[in-house]
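A short write-up of the structure that comes next.
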Amino acid sequence: MKIFKWTIGILGVLLISGILYAYLKADALVESYLKKSIPKNVELKYSSLSVNIFRAELRIFDVELALHNESNGVRFATVQSKKMELDGFNYWQYFKNDFIQIRKIHIQDPITTIHPALRHHIADSLQLTTKSVRRKMELKQFEISNGQLYMMKDGADSIRFSAMKIHLNLSDIVPIDSLGSGRMPFLYEDLKFEMSELYISMGNYEDLFVAHSAMYKHKIELADLSVKSKFSKDQMLSVLPEEREHFDIQIPLVVLDSIEFEIKQKLFYMYASMMSIQNAKLDIYLDKRLKDRTRFRPMYSKLIRDLPFKLDIDSTRFDNWNIVYDEKHETNLKAGRVSFENLNANIMHLTNLPESNKTTQIRANAQIMGQGMASIDWKFDVQNTREEFKVTGKVSDFKAGATNQFLNSFVKTSLSGEIEQVYFNIAGDDIRSSGDFKMKYNDLNIAILKDDRSEKHQIKSFIGNLLLDNGTNADAEGFRHGQISVIRNQRRPFFNYLWLNVKDGIENTIRINNRKQGPR
């Protein structure tokens, strides 16, 4: 009996001693483990480390994690954090079942800086091995609070991308055997992600800003998004080598619903059932005093087809947009202006998936220049490499004089009269287009202006009005009919192409002799 008691006593002393030893040496043991397990190209520094084995807690303070290229030792990324916490490590599950179970990991105030230009081959970055991904693991909660992210430009100490106040919360995280499948290597029950003051440099000429963005499960919201040119309108003439639009775009809210992400064969895929862009204001300015652009301007079907990622959005809604387009031709004259108010549109099947056989269709309506109403129905197939499209449109109750600010600057012309209705059908591709046009108008009058636009040129205006058809070719309903035939200038965007079609239709319809011999 005494031997048994002595044995129990000795075992108890040894157990208590072991626990005390582990408690006293826990910090050193964890430090030793970290040094052995961290890859060679990762450098870890911290001011202090605290382990509580009874509460299963780990605290690391003033952390600095640096990633280096294995080939040359150059640092290309750093993460600095005030504190990293690990709570609720389940010892029993780990030693008994080889199952890693953690209640929470929390990273406080991390500042991440990445220099992509300094990074070498992807093999130099941290990668999960197949074994680590497949190992049984459960993390109840992963949290990042008040983070900052900076991505620097190539070869310069300036920012390409930045975001502030980053908050991420993932719950019930379970790794899955998905390595190589293209899907995320883990599943999660709930996701909350927020960040503020997002900045993206879109190149040499434009910047993008988002005041606040959030993602909850499968919904993304972007608040106060804006796109702005880096240079002012006055600076463009001295800075830009050729024509380029100046942008000032303000969008209070963008919403994407039922969104999913995937990676297949090294391509990023984004799916969404709906995207809504509300109350946008677009101010676009083009200075025609600059040298004509020489670069090719692809059609929208090609732009979508050639995106560096795959996209599939069932429905996109534009609600209450206002667009102003100004075009400056001469220094001493006011820029010509065209505006669209209360524009509403629906885009069906915005997709560039090769296997999709759906036609992209855009239906839009808006008020023009504060008065007449216009609507269009525009269809194209993104996978059609000839960039074929069809556009039908209608304009009604429009005062011709509303366009004079634009016409005065653009073609030294002003109009008066009332356009009751306009209908057009256009079919074309990347090279040419054709269609039919009809108008019903009253008391249409044209004035050809002198070069300084101060007054009209009497003789030219008289001749111009003689060529106007004010009833000769009208049908029983009062419509004049004409045809459209245009060759595209591939250095101009699609909306310039559309405008030339409408302009050609108007000119062909209102002239007395409207028979055409070929494209103009």
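Kindly provide the set of residues from the stretch 203-218 that are loosely packed, with under 15 Cβ neighbours inside 10 Å, in a strand (DSSP E or B) and modelled with pLDDT under 95, ordered by number.
Initial filter on the stretch 203-218 (loosely packed, with under 15 Cβ neighbours inside 10 Å): 203-204, 209, 211, 216-217.
Still in the list and also in a strand (DSSP E or B): 209, 211, 216.
The answer is Tyr216, and nothing else.
Considering only residues that are of a type in the set (Gly, Ala, Ser) and either farther than 30 Å from Leu311 by Cα or touching a residue at least 40 places away in the same chain (Cβ under 8 Å) (or both), which ones fall in the stretch 340-372?
Filtering the stretch 340-372 for residues of a type in the set (Gly, Ala, Ser) gives 345, 356, 364, 366, 370, 372.
Result: Ser356, Ala364, Ala366, Gly370, Gly372.
Please pick out the residue among Ser229, Ser258, Ser273, Ser301 that is within 23 Å of Asp207 (Cα to Cα), out of contact with any Pro (no Cβ under 7 Å at 6 or more places or on another chain) and among the polar types (S, T, N, Q). Break it down into steps so the answer makes sense when it comes.
Numbers: Ser258 fails: within 23 Å of Asp207 (Cα to Cα); Ser273 fails: within 23 Å of Asp207 (Cα to Cα); Ser301 fails: within 23 Å of Asp207 (Cα to Cα).
One residue alone meets the criteria, Ser229.
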> Using beta carbons and a limit of 6 Å, which pairs, at least six apart or on different chains, have the first residue in the stretch 489-500 and part of a helix (DSSP H, G or I) and the second one of a type in the set (D, E, K, R)?
Replying inline: Tyr497/Arg488
>> Of everything in the stretch 256-296, what is within 30 Å of Pro241 (Cβ to Cβ), of a type in the set (D, E, K, R) and modelled with pLDDT under 90? Give them in sequence order.
In response: Asp287, Lys288, Arg289, Lys291, Asp292, Arg293, Arg295
>> I need a count of the residues in the stretch 339-386 that are closer than 19 Å to Pro493 by Cα, part of a loop (DSSP other than H, G, I, E, B) and in contact with a Lys or Arg (Cβ under 6 Å, 6 or more places away or on another chain).
In response: 1
>> Suppose we filter Leu222, Leu191 for residues that are in a strand (DSSP E or B) and modelled with pLDDT under 85; which single one remains?
In response: Leu191
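Is the stretch 318-325 home to any residue that is more than 22 Å from Ile368 (Cβ to Cβ), at pLDDT below 95 and β-branched (Val, Ile, Thr)? Give the steps one after another, and end with the answer.
Quick first cut of the stretch 318-325, residues more than 22 Å from Ile368 (Cβ to Cβ) only: none.
No, because not a single residue in the stretch 318-325 is more than 22 Å from Ile368 (Cβ to Cβ), at pLDDT below 95 and β-branched (Val, Ile, Thr).
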> Which of the residues that make up the stretch 351-365 are at pLDDT below 95 and among the hydrophobic types (A, V, I, L, M, F, W, C)?
Replying inline: Leu353
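Identify the residue in the stretch 261-283 that is hydrophobic (A, V, I, L, M, F, W, C) and crowded, with 17+ Cβ neighbours inside 10 Å and, among all such residues, is nearest to Ile249 (Cα to Cα).
By that ranking, first place goes to Leu282.
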>> Which residue is nearest to Met236 (Cα to Cα), if the candidates are limited to the stretch 272-298 and must be out of contact with any Ser or Thr (no Cβ under 8 Å at 6 or more places or on another chain) and part of a strand (DSSP E or B)?
In response: Asp287
>> The conditions are (1) in contact with a Gly (Cβ under 7 Å, 6 or more places away or on another chain); (2) at pLDDT below 75; (3) polar (S, T, N, Q), and Asn425 fails exactly one of them. Which is it?
In response: (2)
> Residues of the stretch 82-115 being at pLDDT below 85 and not in a strand (DSSP E or B), which ones?
Replying inline: Gly88, Phe89, Asn90, Tyr91, Trp92, Gln93, Tyr94, Phe95, Lys96, Asn97, Asp98, Phe99
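Can you find even one residue in the stretch 352-367 that is touching a helix residue (DSSP H, G or I) at 6+ places or on another chain (Cβ under 6 Å) and closer than 21 Å to Asn320 by Cα?
So the first thing to find is which residues in the stretch 352-367 are touching a helix residue (DSSP H, G or I) at 6+ places or on another chain (Cβ under 6 Å), and the list is 352.
Add one more test, that the residue is closer than 21 Å to Asn320 by Cα, and what stays is none.
Checked against the condition, which is being touching a helix residue (DSSP H, G or I) at 6+ places or on another chain (Cβ under 6 Å) and closer than 21 Å to Asn320 by Cα, the stretch 352-367 yields no hits at all.
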> Among the residues of the stretch 299-336, which ones are more than 18 Å from the chain's Cα centre (by Cα), among the basic types (Lys, Arg) and surrounded by fewer than 16 Cβ atoms within 10 Å (Cβ to Cβ)?
Replying inline: Lys334
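At pLDDT 50 or above, under 26 Å from Pro110 (Cα atoms) and over 39 Å from the mean Cα position of the chain (by Cα): is that true of Asn69 in this structure?
Values: at pLDDT 50 or above: yes; under 26 Å from Pro110 (Cα atoms): yes; over 39 Å from the mean Cα position of the chain (by Cα): no.
For Asn69, the condition - at pLDDT 50 or above, under 26 Å from Pro110 (Cα atoms) and over 39 Å from the mean Cα position of the chain (by Cα) - is not met.
The values are calculated or read from the model by the stated rules, or taken from the named source; none is laboratory data. Here the structure is a predicted model, which means the values were calculated and not measured. Note that we place each Cβ from the backbone using ideal geometry, even for glycine, and neighbour counts take in every protein chain shown.
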